[in-house]
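Engineer: Encoded as structure tokens, here's the structure I'll be asking about.
The values are calculated or read from the model by the stated rules, or taken from the named source; none is laboratory data. From a predicted model like this one, the values you see are computed outputs, not experimental measurements. As a convention, Cβ positions derive from the backbone with ideal geometry for all residues, glycine included, and neighbour counts pool all protein chains shown.
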Amino acid sequence: MFEYHPSSQHLAGKKILITGASDGIGRANAICFAEHGAELLLLGRNQEKLEQLFDEIEEKSPGKVTIHPMDFAKAKAEDYSGLADSLDEHFPVIDGLIHNAAQLGTLCPVEYYPDNDWEALINVNLNAVFYLTKAAMPSLKRSEDARLLFISSSVGRKGRAYWGGYGVSKFALEGLMQTLADELSSTSNIRVNSLNPGGTRTAMRQTAYPAEDPHSQPPAESLMPVYLYLLGPESAHIHGQALDARDFDPETFNTAADD
């Protein structure tokens, strides 16, 4: 696992928007980034969990966090328009956007995949990412050194039986990442990448693998050195890449840049 130990001011002055912040990796992101000086806007569907997280961060890092409950499964175009207006007013500059929020959906053969489940999952895992990225793009473009990170999966890079809508939605995110990376590479300071966290001790993992011992997987906190690096200034040379947290090595990209 990648080791990285930046200072407590590593993300000082950075404003970072995190989706899926009420649980799992998104929650770990929020706590870790606040500890390293970032100012946070946290989106999640569970208001109670968001408020608990707000209280936890506020106690240690006062004034560093804003929460915005939002259920992507039910969100309409006007909700994203309202969010865009709010961002423009309260977060006119965003230095990082991490798309953690996702649904697992049904695991079954495609021919038996429930139509309603498909539509709901695509709305959360793909459409919400598209609309939110559009809403945040003006704020991201105002940053001097922004990061846009799509959270992917191994089943979004090589098709695997029975992963249905989840796998397909992650394939689509990889395509969206590549398209945006190509569009923004010479027109902005936004660095765009995708990241596969690998097996992690989360509620979604337990749902997907109910017979697995949860403690056989590393906790979300173990991933934070990779996230800290990718959201910080040292990662400016990494762009348009499909990254894997478990074998992440920034020197690989330094070598590629030198060649």
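Engineer: Would you check which residues across segment 160-191 are in contact with a Pro (Cβ under 8 Å, 6 or more places away or on another chain) and of a type in the set (F, W, Y) and list them?
Structural biologist: Listed by number, the list holds a single entry, Y162.
Engineer: Where in segment 30-124 are there strands (runs of 3 or more DSSP E), lying fully within it, with 3 or more residues that are without any contact (Cβ under 8 Å) to a residue 60 or more places away in the chain? Outline the logic, then answer.
Structural biologist: Details: elements: 39-44, 65-69, 96-99.
It comes to 39-44, 65-69.
Engineer: Moving on. Scan segment 194-221 residue by residue and report those that are at pLDDT 90 or above and within 21 Å of V124 (Cβ to Cβ). Write out each step before concluding.
Structural biologist: Of the residues in segment 194-221, the ones at pLDDT 90 or above are 194-197, 221.
Those that are at pLDDT 90 or above and within 21 Å of V124 (Cβ to Cβ): S194, L195, N196, P197.
Engineer: Continuing with the same structure: Given the options S8, S22, name the one that is assigned to a loop (DSSP other than H, G, I, E, B), touching a residue at least 24 places away in the same chain (Cβ under 8 Å), of a type in the set (S, T, Y) and touching an Asp or Glu at 6+ places or on another chain (Cβ under 8 Å).
Structural biologist: S8
Engineer: Of all residues in segment 197-216, which are in contact with a Leu (Cβ under 7 Å, 6 or more places away or on another chain) and either among the hydrophobic types (A, V, I, L, M, F, W, C) or closer than 22 Å to G96 by Cα (or both)? Step through it out loud before you land on a result.
Structural biologist: At the first step, the residues of segment 197-216 found to be in contact with a Leu (Cβ under 7 Å, 6 or more places away or on another chain) are 197, 200, 204, 207-208.
Correct list: P197, M204, A208.
Engineer: Mind listing whichever residues of segment 83-107 are farther than 15 Å from G20 by Cβ, out of contact with any Leu (no Cβ under 7 Å at 6 or more places or on another chain) and either loosely packed, with under 13 Cβ neighbours inside 10 Å or at pLDDT 95 or above (or both)?
Structural biologist: Matches in segment 83-107: D85, E89, H90, P92, V93, D95.
Matching residues to (1) closer than 18 Å to R205 by Cβ; (2) at pLDDT 95 or above; (3) surrounded by 21 or more Cβ atoms within 10 Å (Cβ to Cβ):
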| position | (1), (2), (3) |
| --- | --- |
| Y4 | no, yes, no |
| S7 | no, yes, no |
| A12 | no, yes, no |
| G26 | yes, yes, yes |
| F33 | no, yes, yes |
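Engineer: Those residues that are under 14 Å from H239 (Cα atoms) and surrounded by fewer than 18 Cβ atoms within 10 Å (Cβ to Cβ), I need them from segment 143-173; list them, please. Give the derivation first.
Structural biologist: First, the residues of segment 143-173 that are under 14 Å from H239 (Cα atoms): 145-150.
D145 - this is the single residue of segment 143-173 that is under 14 Å from H239 (Cα atoms) and surrounded by fewer than 18 Cβ atoms within 10 Å (Cβ to Cβ).
Engineer: When you scan segment 140-232 for helices (runs of 4 or more DSSP H) that lie fully inside it, which ones turn up with 2 or more residues that are under 30 Å from N116 (Cβ atoms) and not polar (S, T, N, Q)?
Structural biologist: Values: elements: 164-184, 203-208, 224-231.
Helices (runs of 4 or more DSSP H) meeting the threshold: 164-184, 203-208.
Engineer: Identify all residues within segment 25-48 that are closer than 16 Å to A102 by Cβ, out of contact with any Gly (no Cβ under 8 Å at 6 or more places or on another chain) and not hydrophobic (A, V, I, L, M, F, W, C); write none if there are none.
Structural biologist: R27, N29, R45, N46 - these are the residues of segment 25-48 that are closer than 16 Å to A102 by Cβ, out of contact with any Gly (no Cβ under 8 Å at 6 or more places or on another chain) and not hydrophobic (A, V, I, L, M, F, W, C).
Engineer: Scan segment 233-259 residue by residue and report those that are exposed (fewer than 14 other Cβ atoms within 10 Å of the Cβ), among the hydrophobic types (A, V, I, L, M, F, W, C) and in a loop (DSSP other than H, G, I, E, B).
Structural biologist: Answer for segment 233-259, where residues must be exposed (fewer than 14 other Cβ atoms within 10 Å of the Cβ), among the hydrophobic types (A, V, I, L, M, F, W, C) and in a loop (DSSP other than H, G, I, E, B): just A236.
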